[in-house]
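See structure below.
The values are calculated or read from the model by the stated rules, or taken from the named source; none is laboratory data. All figures in this text were calculated on a predicted structure; none of them were measured in a lab. FYI the Cβ positions are ideal-geometry reconstructions off the backbone, even for glycines, and counts take in every protein chain you see. Ligands, DNA and RNA are stripped out before the accessible areas are found, and what is left, the full protein with its side chains, is counted by its heavy atoms. Shrake-Rupley method; radii C 1.70, N 1.55, O 1.52, S 1.80 Å.
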Amino acid sequence: MNIPLDRHSPTPIYLQIRNYLSRLIQSGKIPDRQKLPSIRAMSTSIQVNKLTVIEAYSLLEADGLIHARQGSGYFVNRTIKVSSGLTLRSTFAPSQEVIISQGSGSFFEQYTASIQARRQRDIIEFSSGFPCTTISDNLQQVAKRALAKAGDTLFREDFPEGQFILRQLIAQMLVQQGLEVSPEEIIITAGSQQALSLAMQYYLQKDDWVIVETPTYHGALGILENLQAKVIGIPMTAEGMNLELLEQYLKSHRPKLIYTISTLHNPTGITTSQAHRQALLTLAQQYECLIMEDNAYEGLNFEPVPPPIKAFDRHNLVTYISTFSKTLMPGVRVGYMVVPGEHYQPLVKQKLLNDLHVSTVSQAIVSEFLASGHYRRHLNRLRISNLQSRNVMLQALENYFPEAIAWTIPQGGLFLWTHLPNHLPIQAICSEALSHNVLVASGAAFFLRQGYPAMRLNFCHTPEDIEHGIKVLGRLIKKYLTESSITMGLSSQRVIVSSIRS
């Protein structure tokens, strides 16, 4: 392929390559599903460094124009136009029912089902809470450079709180998010799941009252069930946790902890306003209740978000948790928590007893991504790609789902939340979808006990997979809605006949 390049232009070469290929793809001159020249072939053809081609292809991937297939190369995405009339107003308005229970036990089943599905290439996996990552040469090179720099330190034991350089880099990153902390307040953990487990075990004892949002992250519910905590599920509104109900149960039950996800909530995708965050913190202060803020998807926002609740904390009530597993690589298993005051050292000791320390290899890789600026660029590409994927899914939902279905419109993250009518058999829909190679998990996993029928849908897929998967789900939902209407109609007729005979 010949690409006209102006080597004296102020526009970088990689951008010239990206812009030229972008025009060809969008005009249809490079057709859908066409394989692009390999990185080696392209660099040889236009006489540029392979890294330049990698950067150009990475931007095209972030633009949603191409995708990588591991071991096969880069291919042009199928063009699916998103209507300019796309509705970006959520109709999500669930009933405001408080649920009191002892946790949920379905996290294991859903997690393992998701891992198994990812090993089958023909499955469209909508149920996952992880990004659908591909291994790029860029990621591999950063990792290799990190290992080379670290040298023999990788083979030594380390402090339980994590490497100082990584904690320093995370503190610098958090300042950009509006949260000023020191490295001495940060503990590196094996993903945010370990941070949740360590913190909940430290703060809670059997039969302690805990408040969570409903629905909420099923991994946290699983931990609370193991701890035998008593859990109060405060319903979500379109703006976040219902604060009126929160205050009512803070007053009546005096819980020890509030577990909340303020940015890109799992599973709804909702991000709360600064006013909501400050109001929640004020209530916690008033009733002397600790807060655990679990923002695992921080950084994947399409628009600016308020600082975390922790940023407004002046009484050491908030423990802040996040991770790189949702933004960088799921397998890297590096998370962290910002721990207030007197709780820091006890949690470091608990971390030591749990697993000594996080892998030095993983810490070195994340440190290199942060220090080199690659992480910031990676997030930018991810946000662009995810925004396009979200819009494709929203368009598909409008095209194929019946009007009876409501959904959230997240301003970032990896997934959205669909709310189905109460009489629909959600488990039957999920089972039949799997027979069509579409994996969807029932939203029941995110409730303390049986909640309303719902599905969390991961939109980090190719446009072609999104459209096909949503079309399958839409057809099944319409089928069961029709069957349900017929059944309800027959039931009504039986009631009328019975009344007449009486």
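So the values come out like this:
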| read-out | value |
| --- | --- |
| Sum of side-chain charges, VAL318 neighbourhood, beta-carbon under 15 Å (Lys, Arg +1; Asp, Glu -1) | -4 |
| In nm, spacing of pseudo-spin labels at ARG33 and THR153 (7 Å Cα→C-beta vector) | 5.0 nm |
| Cα centroid of region 1-41 to Cα centroid of region 209-249, whole Å | 50 Å |
| Calculated from backbone phi, Karplus (6.51, -1.76, 1.60) coupling profile of region 407-412 in Hz, x at Gly/Pro | 8, 8, 10, x, 9, x |
| Heavy-atom SASA rank of TRP407, TRP209, TRP417 (probe 1.4 Å, accessible area, largest first) | TRP209, TRP407, TRP417 |
| Which label in [x] 104, 47, 45; [y] 69, 50, 45; [z] 89, 61, 38 gives the computed Cα extents along the principal axes in Å | [z] |
| Directionally averaged shadow of region 273-350, computed from the convex hull of its alpha-carbon atoms, nm² | 6.1 nm² |
| Volume in Å³ per residue [convex hull over Cα atoms, computed for region 153-202] | 100 Å³ |
| Helical mean residue ellipticity (222 nm; -39500 (n - 2.57) per DSSP H run of 4+; nearest 500) of the chain | -14500 deg cm²/dmol |
| Computed over region 298-427: relative contact order in percent, which uses C-alpha pairs under 8 Å that are six or more apart | 24 percent |
| Quarter of Cα convex hull surface for region 284-400, i.e. mean projection, nm² | 10.5 nm² |
| Portion, in percent, of the accessible area of region 233-347 that falls on carbon or sulfur, probe 1.4 Å | 49 percent |
